[in-house]
Amino acid sequence: MLASIACVLFGGVLYLVRHAGARVHVAPFEPAHEPLRSLGGIAREAARLDAAAWMQAGVVLLILMPMARVLTTLVFFMRRRDWVFVGLGLLVLGALIFGLAV
Amino acid sequence: MDASTFFILVLIGSAAACLLGSLTGLGGGAVLTPLLVLVLGVDLRYAIGASLIAVIATSSGATATFAREGFTNIRVGVVLEVATVAGALLGAYIAGLVDKSTIAIVFSIALFWSAWATLRGAPPVVPTGESDALATRLRLASSHPTHGGSQPYGVVRVPSGLALMFGAGVLSALAGIGSGVIKVLAMDRVMRLPFKVSTTTSNFMIGVTAAASVGVYLHRGQIEPRICAPVVLGGLVGSMVGARLLPRLRTRWLRVIFAIVVIGAGVEMCRKAIVGGF
(Lines give C-alpha, C1' and ligand atoms only; values in the text may rest on other atoms or scores of the structure.)
Protein backbone atom coordinates (compact mmCIF):
# COMPACT_ATOMS: atom_id res chain seq x y z
CA MET A 1 0.00 0.00 0.00
CA LEU A 2 2.86 2.38 0.84
CA ALA A 3 4.58 1.51 -2.45
CA SER A 4 1.36 2.36 -4.28
CA ILE A 5 1.07 5.71 -2.50
CA ALA A 6 4.77 6.45 -3.13
CA CYS A 7 4.50 5.79 -6.88
CA VAL A 8 1.35 7.88 -7.22
CA LEU A 9 2.88 10.74 -5.23
CA PHE A 10 6.13 10.67 -7.21
CA GLY A 11 4.30 10.57 -10.55
CA GLY A 12 1.77 13.13 -9.37
CA VAL A 13 4.40 15.65 -8.30
CA LEU A 14 6.38 15.08 -11.50
CA TYR A 15 3.22 15.56 -13.54
CA LEU A 16 2.08 18.69 -11.74
CA VAL A 17 5.53 20.28 -11.93
CA ARG A 18 5.68 19.67 -15.67
CA HIS A 19 2.05 20.28 -16.63
CA ALA A 20 0.49 22.35 -13.85
CA GLY A 21 -1.23 24.76 -16.23
CA ALA A 22 -2.12 22.25 -18.95
CA ARG A 23 -5.73 21.41 -19.66
CA VAL A 24 -6.84 17.94 -18.53
CA HIS A 25 -8.62 15.86 -21.11
CA VAL A 26 -11.63 14.28 -19.39
CA ALA A 27 -14.25 14.06 -22.15
CA PRO A 28 -15.06 12.70 -24.65
CA PHE A 29 -13.53 9.31 -23.99
CA GLU A 30 -10.36 8.43 -25.83
CA PRO A 31 -8.54 5.26 -24.76
CA ALA A 32 -5.51 6.03 -22.57
CA HIS A 33 -2.12 6.29 -24.25
CA GLU A 34 -1.19 2.79 -25.54
CA PRO A 35 1.81 1.95 -23.25
CA LEU A 36 -0.27 2.82 -20.19
CA ARG A 37 -2.63 -0.03 -20.97
CA SER A 38 -0.30 -2.97 -20.29
CA LEU A 39 2.02 -3.90 -17.44
CA GLY A 40 5.10 -4.05 -19.69
CA GLY A 41 4.33 -0.70 -21.26
CA ILE A 42 3.89 0.98 -17.88
CA ALA A 43 7.27 -0.37 -16.71
CA ARG A 44 9.01 0.81 -19.91
CA GLU A 45 7.56 4.32 -19.72
CA ALA A 46 8.24 4.56 -15.98
CA ALA A 47 11.92 3.78 -16.68
CA ARG A 48 11.92 6.87 -18.93
CA LEU A 49 10.57 8.90 -15.97
CA ASP A 50 7.21 9.45 -17.65
CA ALA A 51 4.97 11.04 -15.00
CA ALA A 52 1.73 9.38 -16.14
CA ALA A 53 3.43 5.96 -16.14
CA TRP A 54 4.54 6.42 -12.51
CA MET A 55 1.01 7.37 -11.51
CA GLN A 56 -0.33 4.38 -13.43
CA ALA A 57 2.23 2.12 -11.69
CA GLY A 58 0.82 3.26 -8.35
CA VAL A 59 -2.68 2.46 -9.58
CA VAL A 60 -1.56 -1.02 -10.68
CA LEU A 61 0.12 -1.63 -7.30
CA LEU A 62 -3.21 -0.83 -5.66
CA ILE A 63 -4.89 -3.37 -7.96
CA LEU A 64 -2.32 -5.96 -6.84
CA MET A 65 -3.31 -5.56 -3.18
CA PRO A 66 -6.48 -7.69 -3.33
CA MET A 67 -4.43 -10.20 -5.31
CA ALA A 68 -1.86 -10.33 -2.50
CA ARG A 69 -4.71 -10.90 -0.07
CA VAL A 70 -5.96 -13.88 -2.09
CA LEU A 71 -2.39 -15.22 -2.14
CA THR A 72 -2.22 -14.93 1.66
CA THR A 73 -5.41 -16.95 2.10
CA LEU A 74 -4.05 -19.49 -0.40
CA VAL A 75 -0.93 -19.98 1.73
CA PHE A 76 -3.14 -20.24 4.82
CA PHE A 77 -5.15 -23.12 3.26
CA MET A 78 -2.00 -24.82 1.94
CA ARG A 79 -0.52 -24.90 5.44
CA ARG A 80 -3.69 -26.60 6.63
CA ARG A 81 -3.62 -28.99 3.67
CA ASP A 82 -7.16 -27.98 2.87
CA TRP A 83 -6.97 -28.88 -0.80
CA VAL A 84 -10.56 -28.01 -1.77
CA PHE A 85 -9.96 -24.44 -0.61
CA VAL A 86 -6.50 -24.33 -2.16
CA GLY A 87 -8.24 -25.21 -5.44
CA LEU A 88 -10.90 -22.49 -4.96
CA GLY A 89 -8.21 -19.94 -4.06
CA LEU A 90 -6.21 -20.87 -7.16
CA LEU A 91 -9.34 -20.44 -9.27
CA VAL A 92 -9.86 -16.91 -7.90
CA LEU A 93 -6.19 -16.01 -8.26
CA GLY A 94 -6.13 -17.41 -11.81
CA ALA A 95 -9.13 -15.27 -12.77
CA LEU A 96 -7.49 -12.16 -11.31
CA ILE A 97 -4.23 -12.79 -13.18
CA PHE A 98 -6.22 -13.51 -16.34
CA GLY A 99 -8.06 -10.19 -16.01
CA LEU A 100 -4.88 -8.19 -15.54
CA ALA A 101 -2.49 -9.99 -17.87
CA VAL A 102 -4.56 -11.06 -20.88
CA MET B 1 -9.75 23.20 -16.13
CA ASP B 2 -6.01 23.14 -15.49
CA ALA B 3 -4.19 20.04 -14.29
CA SER B 4 -3.41 21.07 -10.72
CA THR B 5 -6.93 22.33 -9.92
CA PHE B 6 -8.40 19.14 -11.36
CA PHE B 7 -5.94 16.96 -9.39
CA ILE B 8 -6.81 18.67 -6.12
CA LEU B 9 -10.57 18.61 -6.76
CA VAL B 10 -10.52 14.88 -7.55
CA LEU B 11 -8.31 14.24 -4.51
CA ILE B 12 -10.74 16.00 -2.17
CA GLY B 13 -13.78 14.55 -3.94
CA SER B 14 -12.57 10.96 -3.76
CA ALA B 15 -11.50 11.32 -0.11
CA ALA B 16 -14.98 12.61 0.74
CA ALA B 17 -16.67 9.92 -1.40
CA CYS B 18 -14.71 7.07 0.21
CA LEU B 19 -15.08 8.50 3.72
CA LEU B 20 -18.85 8.82 3.40
CA GLY B 21 -19.04 5.61 1.40
CA SER B 22 -17.36 3.62 4.14
CA LEU B 23 -19.41 5.32 6.88
CA THR B 24 -22.77 4.71 5.23
CA GLY B 25 -22.03 1.33 3.69
CA LEU B 26 -22.84 2.64 0.22
CA GLY B 27 -19.24 2.30 -0.89
CA GLY B 28 -16.94 4.79 -2.57
CA GLY B 29 -17.96 4.05 -6.13
CA ALA B 30 -21.61 4.98 -5.80
CA VAL B 31 -20.65 8.53 -4.89
CA LEU B 32 -17.53 9.07 -6.97
CA THR B 33 -19.03 8.30 -10.39
CA PRO B 34 -21.82 10.93 -10.20
CA LEU B 35 -19.35 13.43 -8.76
CA LEU B 36 -16.91 12.94 -11.65
CA VAL B 37 -19.58 12.84 -14.34
CA LEU B 38 -22.09 15.44 -13.16
CA VAL B 39 -19.83 17.93 -11.39
CA LEU B 40 -16.44 17.65 -13.11
CA GLY B 41 -17.68 16.73 -16.58
CA VAL B 42 -15.62 13.53 -16.84
CA ASP B 43 -16.67 11.02 -19.51
CA LEU B 44 -18.59 8.07 -18.00
CA ARG B 45 -16.08 5.57 -19.42
CA TYR B 46 -13.22 7.17 -17.46
CA ALA B 47 -15.43 7.67 -14.40
CA ILE B 48 -16.33 3.97 -14.15
CA GLY B 49 -12.64 3.03 -14.31
CA ALA B 50 -11.73 5.59 -11.64
CA SER B 51 -14.63 4.44 -9.52
CA LEU B 52 -13.41 0.82 -9.56
CA ILE B 53 -10.07 2.13 -8.30
CA ALA B 54 -11.92 3.92 -5.49
CA VAL B 55 -13.71 0.65 -4.66
CA ILE B 56 -10.38 -1.18 -4.31
CA ALA B 57 -8.98 1.68 -2.22
CA THR B 58 -12.03 1.61 0.08
CA SER B 59 -11.78 -2.14 0.54
CA SER B 60 -8.01 -2.02 1.18
CA GLY B 61 -8.16 0.95 3.53
CA ALA B 62 -10.99 -0.52 5.58
CA THR B 63 -9.60 -4.06 5.70
CA ALA B 64 -6.32 -2.76 7.09
CA THR B 65 -8.35 -1.60 10.08
CA PHE B 66 -11.02 -4.30 10.50
CA ALA B 67 -8.97 -7.41 9.71
CA ARG B 68 -7.79 -8.20 13.21
CA GLU B 69 -11.18 -8.30 14.85
CA GLY B 70 -12.11 -11.84 13.89
CA PHE B 71 -15.39 -11.17 12.10
CA THR B 72 -14.38 -12.00 8.54
CA ASN B 73 -15.22 -15.57 7.50
CA ILE B 74 -12.40 -16.33 5.07
CA ARG B 75 -13.81 -19.71 4.00
CA VAL B 76 -17.15 -18.20 3.01
CA GLY B 77 -15.28 -15.33 1.35
CA VAL B 78 -13.17 -17.60 -0.83
CA VAL B 79 -16.11 -19.78 -1.91
CA LEU B 80 -18.18 -16.74 -2.89
CA GLU B 81 -15.25 -14.97 -4.55
CA VAL B 82 -15.20 -17.69 -7.19
CA ALA B 83 -18.69 -16.53 -8.22
CA THR B 84 -18.10 -12.76 -7.94
CA VAL B 85 -14.85 -12.90 -9.88
CA ALA B 86 -16.43 -14.96 -12.67
CA GLY B 87 -19.31 -12.48 -12.76
CA ALA B 88 -16.90 -9.54 -12.79
CA LEU B 89 -15.00 -10.85 -15.81
CA LEU B 90 -18.28 -11.38 -17.67
CA GLY B 91 -19.53 -7.92 -16.63
CA ALA B 92 -16.33 -6.21 -17.78
CA TYR B 93 -16.67 -7.97 -21.12
CA ILE B 94 -20.33 -6.92 -21.50
CA ALA B 95 -19.39 -3.31 -20.57
CA GLY B 96 -17.33 -3.12 -23.75
CA LEU B 97 -20.34 -4.05 -25.89
CA VAL B 98 -23.11 -1.80 -24.56
CA ASP B 99 -23.40 1.98 -24.95
CA LYS B 100 -22.92 4.59 -22.25
CA SER B 101 -26.61 5.36 -21.74
CA THR B 102 -27.32 1.71 -20.90
CA ILE B 103 -24.48 1.68 -18.38
CA ALA B 104 -25.78 4.93 -16.86
CA ILE B 105 -29.25 3.41 -16.44
CA VAL B 106 -27.86 0.22 -14.86
CA PHE B 107 -25.76 2.41 -12.56
CA SER B 108 -28.79 4.49 -11.52
CA ILE B 109 -30.85 1.40 -10.74
CA ALA B 110 -27.98 0.08 -8.60
CA LEU B 111 -27.89 3.46 -6.80
CA PHE B 112 -31.62 3.40 -6.06
CA TRP B 113 -31.40 -0.14 -4.73
CA SER B 114 -28.36 0.68 -2.57
CA ALA B 115 -30.02 3.80 -1.17
CA TRP B 116 -33.15 1.86 -0.32
CA ALA B 117 -31.21 -0.97 1.33
CA THR B 118 -29.12 1.51 3.29
CA LEU B 119 -32.16 3.38 4.56
CA ARG B 120 -33.76 0.14 5.67
CA GLY B 121 -30.73 -0.56 7.88
CA ALA B 122 -29.67 -3.84 9.49
CA PRO B 123 -32.21 -6.67 9.14
CA PRO B 124 -33.71 -8.47 12.10
CA VAL B 125 -32.55 -11.87 10.82
CA VAL B 126 -31.59 -14.24 13.60
CA PRO B 127 -28.61 -16.35 12.52
CA THR B 128 -29.13 -20.09 12.78
CA GLY B 129 -26.76 -22.35 14.62
CA GLU B 130 -27.13 -25.08 12.03
CA SER B 131 -25.64 -25.60 8.60
CA ASP B 132 -27.10 -27.53 5.66
CA ALA B 133 -25.32 -30.40 3.90
CA LEU B 134 -23.13 -28.48 1.43
CA ALA B 135 -22.07 -25.87 3.98
CA THR B 136 -21.18 -28.66 6.39
CA ARG B 137 -19.07 -30.39 3.77
CA LEU B 138 -17.21 -27.16 3.07
CA ARG B 139 -16.97 -26.49 6.83
CA LEU B 140 -18.24 -22.94 6.45
CA ALA B 141 -19.70 -22.64 9.95
CA SER B 142 -17.69 -20.51 12.33
CA SER B 143 -18.09 -18.27 15.34
CA HIS B 144 -17.77 -14.56 15.94
CA PRO B 145 -16.96 -12.40 18.94
CA THR B 146 -19.94 -10.93 20.82
CA HIS B 147 -20.36 -9.25 24.19
CA GLY B 148 -21.23 -12.59 25.74
CA GLY B 149 -18.19 -14.40 24.35
CA SER B 150 -17.70 -16.36 21.16
CA GLN B 151 -20.99 -17.09 19.37
CA PRO B 152 -21.09 -19.99 16.87
CA TYR B 153 -23.20 -19.68 13.71
CA GLY B 154 -24.19 -21.94 10.84
CA VAL B 155 -24.38 -21.31 7.10
CA VAL B 156 -27.20 -22.35 4.74
CA ARG B 157 -28.20 -22.11 1.04
CA VAL B 158 -24.73 -21.82 -0.49
CA PRO B 159 -25.91 -22.28 -4.15
CA SER B 160 -28.39 -19.36 -3.89
CA GLY B 161 -25.66 -17.26 -2.32
CA LEU B 162 -23.32 -18.14 -5.19
CA ALA B 163 -25.94 -17.16 -7.79
CA LEU B 164 -26.52 -13.77 -6.13
CA MET B 165 -22.77 -13.23 -5.89
CA PHE B 166 -22.36 -13.93 -9.58
CA GLY B 167 -24.96 -11.22 -10.24
CA ALA B 168 -23.15 -8.88 -7.83
CA GLY B 169 -19.93 -9.46 -9.78
CA VAL B 170 -21.57 -8.63 -13.13
CA LEU B 171 -23.15 -5.46 -11.70
CA SER B 172 -19.91 -4.40 -10.01
CA ALA B 173 -17.97 -4.62 -13.28
CA LEU B 174 -20.70 -2.99 -15.39
CA ALA B 175 -21.43 -0.03 -13.14
CA GLY B 176 -18.03 0.38 -11.46
CA ILE B 177 -19.35 -0.09 -7.94
CA GLY B 178 -18.54 -2.48 -5.11
CA SER B 179 -22.12 -3.81 -5.00
CA GLY B 180 -21.60 -4.47 -1.31
CA VAL B 181 -25.35 -4.14 -0.81
CA ILE B 182 -26.05 -7.31 -2.82
CA LYS B 183 -23.13 -9.12 -1.20
CA VAL B 184 -24.40 -8.36 2.28
CA LEU B 185 -27.93 -9.30 1.22
CA ALA B 186 -26.71 -12.66 -0.10
CA MET B 187 -24.82 -13.42 3.07
CA ASP B 188 -27.16 -12.28 5.80
CA ARG B 189 -30.62 -12.79 4.27
CA VAL B 190 -29.92 -15.86 2.18
CA MET B 191 -27.01 -17.64 3.82
CA ARG B 192 -27.98 -16.53 7.34
CA LEU B 193 -24.60 -15.20 8.42
CA PRO B 194 -24.57 -12.66 11.27
CA PHE B 195 -24.78 -9.06 9.98
CA LYS B 196 -21.34 -8.00 11.22
CA VAL B 197 -19.75 -11.09 9.64
CA SER B 198 -21.60 -10.35 6.36
CA THR B 199 -20.41 -6.75 6.16
CA THR B 200 -16.75 -7.48 6.97
CA THR B 201 -16.61 -10.51 4.68
CA SER B 202 -18.29 -8.46 1.95
CA ASN B 203 -15.66 -5.76 2.35
CA PHE B 204 -12.94 -8.39 2.10
CA MET B 205 -14.46 -9.59 -1.19
CA ILE B 206 -15.28 -6.22 -2.76
CA GLY B 207 -11.66 -5.37 -3.55
CA VAL B 208 -11.08 -8.78 -5.12
CA THR B 209 -14.20 -8.45 -7.29
CA ALA B 210 -13.19 -4.99 -8.50
CA ALA B 211 -9.60 -6.12 -9.14
CA ALA B 212 -10.91 -8.85 -11.46
CA SER B 213 -12.67 -6.40 -13.78
CA VAL B 214 -10.27 -3.48 -13.52
CA GLY B 215 -7.64 -5.37 -15.53
CA VAL B 216 -10.04 -5.50 -18.47
CA TYR B 217 -10.67 -1.75 -18.07
CA LEU B 218 -6.93 -1.10 -18.00
CA HIS B 219 -6.41 -2.85 -21.34
CA ARG B 220 -9.36 -0.97 -22.80
CA GLY B 221 -7.71 2.33 -21.87
CA GLN B 222 -10.38 3.33 -19.33
CA ILE B 223 -7.90 3.70 -16.49
CA GLU B 224 -6.61 7.23 -17.05
CA PRO B 225 -3.73 7.96 -14.61
CA ARG B 226 -4.45 11.72 -14.53
CA ILE B 227 -7.87 10.90 -13.06
CA CYS B 228 -7.03 7.72 -11.10
CA ALA B 229 -3.89 8.94 -9.31
CA PRO B 230 -5.71 11.45 -7.07
CA VAL B 231 -8.42 8.80 -6.55
CA VAL B 232 -5.84 6.36 -5.12
CA LEU B 233 -4.56 8.95 -2.64
CA GLY B 234 -7.95 10.38 -1.69
CA GLY B 235 -9.62 6.97 -1.58
CA LEU B 236 -7.08 5.37 0.75
CA VAL B 237 -7.07 8.33 3.13
CA GLY B 238 -10.87 8.69 3.10
CA SER B 239 -11.56 5.02 3.76
CA MET B 240 -8.95 4.69 6.52
CA VAL B 241 -10.39 7.71 8.33
CA GLY B 242 -13.88 6.30 7.75
CA ALA B 243 -12.99 2.90 9.18
CA ARG B 244 -11.55 4.52 12.32
CA LEU B 245 -14.55 6.83 12.79
CA LEU B 246 -17.20 4.20 12.15
CA PRO B 247 -17.30 2.55 15.60
CA ARG B 248 -17.64 5.97 17.27
CA LEU B 249 -20.31 7.57 15.12
CA ARG B 250 -24.07 7.32 15.00
CA THR B 251 -24.58 6.91 11.28
CA ARG B 252 -28.38 6.87 11.06
CA TRP B 253 -28.83 10.55 10.06
CA LEU B 254 -25.76 10.38 7.83
CA ARG B 255 -27.32 7.49 5.95
CA VAL B 256 -30.60 9.33 5.42
CA ILE B 257 -28.93 12.47 4.05
CA PHE B 258 -26.64 10.39 1.96
CA ALA B 259 -29.34 8.18 0.51
CA ILE B 260 -31.18 11.33 -0.59
CA VAL B 261 -28.05 12.71 -2.29
CA VAL B 262 -27.45 9.38 -3.99
CA ILE B 263 -31.07 9.15 -5.18
CA GLY B 264 -30.75 12.68 -6.58
CA ALA B 265 -27.57 11.72 -8.41
CA GLY B 266 -29.28 8.60 -9.75
CA VAL B 267 -32.21 10.63 -11.08
CA GLU B 268 -29.84 13.06 -12.80
CA MET B 269 -27.81 10.21 -14.34
CA CYS B 270 -31.05 8.66 -15.60
CA ARG B 271 -32.24 11.95 -17.07
CA LYS B 272 -28.92 12.48 -18.81
CA ALA B 273 -29.03 8.95 -20.21
CA ILE B 274 -32.56 9.41 -21.55
CA VAL B 275 -32.10 12.84 -23.15
CA GLY B 276 -28.79 11.67 -24.57
CA GLY B 277 -26.32 13.69 -22.55
CA PHE B 278 -23.63 11.01 -22.69
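The values are calculated or read from the model by the stated rules, or taken from the named source; none is laboratory data. Keep in mind the model is a prediction, meaning the values are calculated, not measured. All Cβ positions, even for glycine, are placed from backbone atoms using ideal geometry, and neighbour counts span all protein chains on display. The accessibility values were calculated without ligands, DNA or RNA, using every heavy atom of the protein model including side chains. Shrake-Rupley method; radii C 1.70, N 1.55, O 1.52, S 1.80 Å.
Here is how the numbers come out for the structure above:
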{"item": "Proximal lysines to B:K183, defined as alpha-carbon separation beneath 17 angstrom and excluding residues fewer than eight positions away on the same chain", "result": "B:K196"}
{"item": "Positive minus negative residues near B:R220 (Lys, Arg vs Asp, Glu; Cβ under 9 Å)", "result": "+2"}
{"item": "Which of A:F76, A:F98, B:F107 is most accessible, then next, and so on - probe 1.4 Å", "result": "A:F98, A:F76, B:F107"}
{"item": "Cα-based reach from B:K272 at 24 Å (exclusive), listing lysines while leaving out same-chain residues under 8 positions away", "result": "B:K100"}
{"item": "Peptide-level mean, for B:236-246, of C-beta atoms on other protein chains within 10 Å", "result": "1"}
{"item": "Sparsely packed trypsin sites (Lys or Arg not before Pro) within the stretch A:46-102, loop by DSSP, other Cβ within 10 Å at most 12", "result": "A:R48, A:R80, A:R81"}
{"item": "Tilt relative to chain A, helix A:51-79 - C-alpha long axis, 0 to 90 degrees, to 10", "result": "10 degrees"}
{"item": "Exposure of B:D2 as accessible area (Å², to 10), given a probe of 1.4 Å and all protein chains", "result": "50 Å²"}
{"item": "Where A:H33, B:H144, B:H219, A:H25 fall by accessible area, highest first, once all protein chains stay in place (1.4 Å)", "result": "A:H33, A:H25, B:H219, B:H144"}
{"item": "Distance (nanometres) between label positions extended 7 Å along Cα→Cβ at B:A163 and A:W83", "result": "3.1 nm"}
{"item": "Largest-first principal axis extents of the Cα set of the protein assembly as shown (Å)", "result": "62, 44, 40"}
{"item": "Cα-based convex hull volume of chain A per residue, rounded to whole Å³", "result": "111 Å³"}
{"item": "Shielding by other protein chains, A:85-97, mean Cβ within 10 Å", "result": "5"}
{"item": "Global geometry of the stretch B:169-278, whether rounded, prolate or oblate, following the gyration tensor of its Cα atoms and the 1.5 cut on a/c", "result": "rounded"}
{"item": "Whole-Å distance, taken between Cα centres, linking the stretch B:146-164 and the stretch A:23-77", "result": "36 Å"}
{"item": "Assigned charges on the beta-carbon of Lys, Arg, Asp, Glu; chain A dipole about Cα centre (debye)", "result": "280 debye"}
{"item": "Cα-derived Rg over Rh, computed across chain B with Rh taken as Kirkwood radius", "result": "0.97"}
